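The values are calculated or read from the model by the stated rules, or taken from the named source; none is laboratory data. Every value quoted in this text rests on a predicted model; they were computed, and no experiment measured them. Heads up, the Cβs are rebuilt from the backbone with ideal geometry, glycines too, and the neighbour counts pull from every protein chain shown.
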Amino acid sequence: PEPYQMTSRSLVSVASSVKCKLQGSTRIPAFSMDGDYVIGGVFSIHYYMQTVNHDYTTMPEPVRCSGRSLRFSRAMVFAIEEINNSTELLPGIRLGYQIYDSCSSVPVAVHVAFQLLNSLNPVFYKGGNCSLSGMVMTIVGESGSTPSISMSRILGSFNIPQVSHYATCACLSDKQQYPNFFRTIPSDRFQAEALAKLVKHFGWTWIGAVRSDSDYGNSGMASFLEAAQKEGICVEYSVSFYRTHPHSRIQEVATVVIVAFVASGDMKILLEELSREPSPPRQWIGSESWITDSEFRRFNFCAGAIGFGIQKSVIPGFRDFLLNLSSSQVATSPMLTEFWEESFNCKMKKNKKICDGTEDIQNLQIPYTDTSQLRITNMVYKAVYAIAHAIHNTVCQSTNGIAKCDKLTKLESKQLKKVNFSRNGYDVSFNANGDPVAIYELVNWQKSEIGKTELVTVGLYDASLPMGQEFQINRSITWMEDGTQVPVSVCSASCPPGTRKVLQKGKPICCYDCILCPEGETSNTTDSADCLPCHKEFWPNAKRDTCIPKPVEFLSFQDILGIILATLSVLGACLAITTVAIFFHHRTSPIVRANNSELSFLLLISLTLCFLCSLTFIGAPSEWSCMLRHTAFGITFVLCISCVLGKTIVVLMAFKATLPGSNVMKWFGPPQQRMTVVSFTFIQVLICTIWLVLNPPFPIKNLTTYKEKIILECDLGSAVGFWAVLGYIGLLAAFCFVLAVLARKLPDNFNEAKFITVSMLIFCTVWITFIPAYVSSPGKFTVAVEIFAILASSFGLIMCIFAPKCFIILFNPEKNTKKYLMNKNPT
């Protein structure tokens with residue numbers, strides 16, 4: 001409300017008359033030193049906060065902490081002393097520090113943040129002076145994401161830069177909320193993407209996940225789930241827990257762990273709970289917060305765990321600094337005193353065993369003295385140097401190669417954004433979000449020959465490389481239970497090529513059935529979501545994983561059916577030629593002369609052509625063969641029927657001419673017979689010519705009759721033309737059949753009309769049955785039916801009309817006389 005609004009001047013006037021005191025007790029720095037510029041440090045030196053039950057009747061006791069890690073705070077002291085001894089960086093400037101223990105507690109971290117803003121003086125903001133003389137230049141810390149978030153919201157209001165060495169929550173990259181936050185450790189967004197690619201690389205599509213119920217765990221897991229979804233990975237469950245949860249909750253979580261995005265303190269509780277009773281073997285995939293912690297490698301059931309860790313580094317002189325602790329130096333620091341007493345199991349005073357100064361820290365085998373895996377420690381080292389470079393760039397100017405530095409300038413966040421330097425072979429810079437370049441080592445817990453679990457670097461992940469090249473593995477990995485084969489973790493086995501995935505109803509996308517690709521479709525990749533149809537001239541192989549050219553089918557001379565039909569065609573042609581030879585040899589004999597030898601010879605020649613034209617139907621269709629086969633067949637058959645029709649008419653007219661006064665035969669002499677044959681044949685030639693000119697037959701690839709093969713055949717072009725050719729043949733055959741039936745009982749020993757009647761009956765029967773057989777026969781059998789009809793009708797004609805005559809000529813020559821032929825009633 002407006003009455004309560006105050007200007008900054010009114011606040012100063014109020015503050016000048018009121019003494020503001022720091023609420024609560026003042027926290028004493030774990031390590032401190034004065035300097036021209038003071039850098040604050042907030043670390044989880046103690047990483048367990050003992051639970052205290054408050055009754056709200058008395059002032060709460062100070063937070064009691066346990067567990068201890070001095071490495072980070074000592075690294076900050078080492079870096080500042082190294083900078084103070086440098087002649088190149090901040091010459092003439094002495095950096096100081098105030099390092100506090102947050103006890104991994106958000107309330108303590110917030111308390112420390114306020115205290116760093118206002119110095120150790122419990123009374124502050126007196127008089128009209130609004131300057132905060134006790135304010136630190138910048139702050140290194142905190143070790144966790146959640147405390148860092150709380151601190152950043154406070155420090156951001158005062159424009160104090162904060163550089164964290166271990167807060168990895170991706171949310172801290174949001175510059176609108178945390179404009180003064182920087183870090184030397186990569187954001188969890190990069191780690192989440194790297195973990196998702198790692199899981200995908202090993203073919204794991206069905207995993208469980210556990211996370212700390214904190215900003216670090218929740219934000220990191222959210223990034224991982226998003227990246228996992230993009231990679232097609234299904235997370236069966238994602239559960240959270242916190243160290244203060246009851247044991248029943250922790251045990252519930254412990255039964256489903258596979259991927260752990262957990263803070264180190266929470267992970268210790270989880271692994272201790274798991275170690276209480278045997279559990280099924282699991283492949284652990286760890287975040288960098290715990291996977292590189294040497295303390296956890298005592299849990300042997302986690303052997304084979306893999307995950308990403310910050311790159312190992314070497315800090316020259318740092319080990320000597322850690323080990324350079326004298327009893328007198330320890331006595332002046334309560335934190336070092338606590339460390340010394342617990343490490344050597346003695347007391348500096350007033351106890352049974354008194355530390356006498358003979359203790360040698362170099363003989364200790366504890367995490368503090370182990371500098372073989374300097375990872376996060378190097379992040380602290382780089383954070384201090386980044387701040388020093390930012391201060392140097394702000395307050396120092398170089399004149400003639402000599403740097404002169406001012407001591408009154410305040411450090412702003414924008415100066416940290418410009419930092420870009422190298423130290424001990426490692427580059428340090430910040431992007432627009434205050435994040436460094438993400439580079440991780442892929443580490444693996446492997447058992448040594450003596451059975452001790454060791455941390456082995458097996459690969460590298462560099463987010464700055466092009467997509468697809470960030471991830472590489474250059475060493476063999478040991479899996480759970482000392483396995484050498486990659487564990488299988490899938491809801492459904494991969495669908496092989498030739499199948500497609502069909503999701504199971506009500507289950508995640510990684511649970512599916514493998515269905516064989518439909519007919520005519522293939523899939524050539526594993527876990528294909530769809531099958532693709534083959535090109536119309538291709539067909540899937542038996543496995544349906546590739547398309548192969550369809551086999552081409554046509555009635556060829558190599559097929560058994562083609563060989564049989566071709567053989568019958570040649571035999572029929574030879575039979576007709578043989579008959580021609582017999583008739584020609586006995587052309588003067590009565591039986592040849594009595595049966596119209598001219599038409600007989602023409603009929604035999606046309607039958608020879610009919611037999612041979614069936615060969616044009618065999619073989620691969622071509623443009624010429626398609627036009628030739630139908631037209632040649634139509635014309636030669638009309639020529640045959642015309643000759644038979646001519647012979648039938650002559651027989652009828654011959655008996656009409658025997659009647660008294662009849663002169664019919666003068667109209668059916670040889671010239672008229674020739675004109676009849678030519679006329680009937682010309683009509684068929686005209687029909688075929690019109691057919692070929694307007695819409696001739698042409699070769700096609702029939703892709704519809706059979707899906708799995710191609711039929712080479714001749715398209716009729718014009719169906720009307722084809723059926724006109726057949727119709728005309730049928731019309732002549734029917735007319736010839738009617739005439740032959742009328743002449744079948746004429747008195748004659750060798751009444752040719754009887755044989756013509758039988759031959760026409762066979763011819764018509766064959767071609768009537770041909771029509772439905774032709775229409776219903778598939779593929780090459782359509783051609784075979786047509787050839788069969790040609791051969792059957794041709795054999796019918798030659799056998800019915802010429803076989804009896806040849807039999808008499810060759811085997812009954814006594815009947816081949818004029819007397820026998822003229823005998824109307826032979827005995």
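Tabulated results
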item: Every residue from region 800-817 that is within 17 Å of K647 (Cα to Cα) and touching a residue at least 12 places away in the same chain (Cβ under 8 Å); result: C800, I801, F802, P804, K805
item: Any chance Q472 is among the polar types (S, T, N, Q), in a strand (DSSP E or B) and out of contact with any helix residue (DSSP H, G or I) (no Cβ under 9 Å at 6 or more places or on another chain); result: yes
item: Region 471-493, residues that are surrounded by 15 or more Cβ atoms within 10 Å (Cβ to Cβ) and polar (S, T, N, Q); result: T478, S489, S492
item: Residues of region 330-348 that turn out to be surrounded by fewer than 17 Cβ atoms within 10 Å (Cβ to Cβ), under 20 Å from I28 (Cα atoms) and hydrophobic (A, V, I, L, M, F, W, C), as a count; result: 1
item: G203 vs. criteria in contact with a helix residue (DSSP H, G or I) (Cβ under 8 Å, 6 or more places away or on another chain), surrounded by fewer than 21 Cβ atoms within 10 Å (Cβ to Cβ), of a type outside the set (K, R) and touching a residue at least 60 places away in the same chain (Cβ under 8 Å); result: no
item: Flag for P436 being surrounded by 14 or more Cβ atoms within 10 Å (Cβ to Cβ) and within 17 Å of the chain's Cα centre (by Cα); result: no
item: Any hit, region 320-332, residues being farther than 30 Å from L89 by Cβ, in contact (Cβ under 8 Å) with a residue 60 or more places away in the chain and out of contact with any His (no Cβ under 9 Å at 6 or more places or on another chain); result: no
item: Strands (runs of 3 or more DSSP E) contained entirely in region 384-444, each with at least 3 residues that are more than 27 Å from T168 (Cα to Cα); result: 396-399, 402-405
item: Condition broken by G232, with the remaining ones in (1) of a type outside the set (S, T, N, Q); (2) on the phi < 0 side of the Ramachandran plot; (3) surrounded by fewer than 24 Cβ atoms within 10 Å (Cβ to Cβ) satisfied; result: (2)
item: Candidate set: region 598-636, residues that are modelled with pLDDT under 85 and under 17 Å from W691 (Cα atoms); chosen: the one surrounded by the most Cβ atoms within 10 Å (Cβ to Cβ); result: H630
item: Residues satisfying the stated conditions in region 179-191, i.e. crowded, with 24+ Cβ neighbours inside 10 Å and touching a Leu at 6+ places or on another chain (Cβ under 8 Å); result: F181, F182, R183, S187
item: Filtered residues of region 494-533 (kept if touching an Asp or Glu at 6+ places or on another chain (Cβ under 7 Å) and crowded, with 20+ Cβ neighbours inside 10 Å); result: C495, G498, R500, K501, T522, S523, C531
item: Qualifying residue in region 370-383 (condition: farther than 16 Å from S313 by Cβ and surrounded by fewer than 18 Cβ atoms within 10 Å (Cβ to Cβ)); result: no
item: Options I635, I641: the member that is of a type in the set (V, I, T) and either outside the structural domain of T681 (by TED's automatic domain parsing) or in contact (Cβ under 8 Å) with a residue 60 or more places away in the chain (or both); result: I641
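To keep it simple, each residue is scored yes or no on (1) buried (at least 24 other Cβ atoms within 10 Å of the Cβ); (2) at pLDDT 90 or above; (3) outside any helix (DSSP H, G or I); (4) not assigned by TED's automatic domain parsing to the domain that holds S212.
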position: P62; (1), (2), (3), (4): no, no, yes, yes
position: S69; (1), (2), (3), (4): no, no, yes, yes
position: A79; (1), (2), (3), (4): yes, yes, no, yes
position: P107; (1), (2), (3), (4): no, no, no, yes
position: L117; (1), (2), (3), (4): no, no, no, yes
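Here's the yes/no breakdown for (1) at pLDDT 90 or above; (2) more than 18 Å from A305 (Cα to Cα); (3) in the same structural domain as H201 (by TED's automatic domain parsing):
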site	(1), (2), (3)
N444	yes, no, yes
L465	no, yes, yes
C491	no, yes, no
G506	no, yes, no
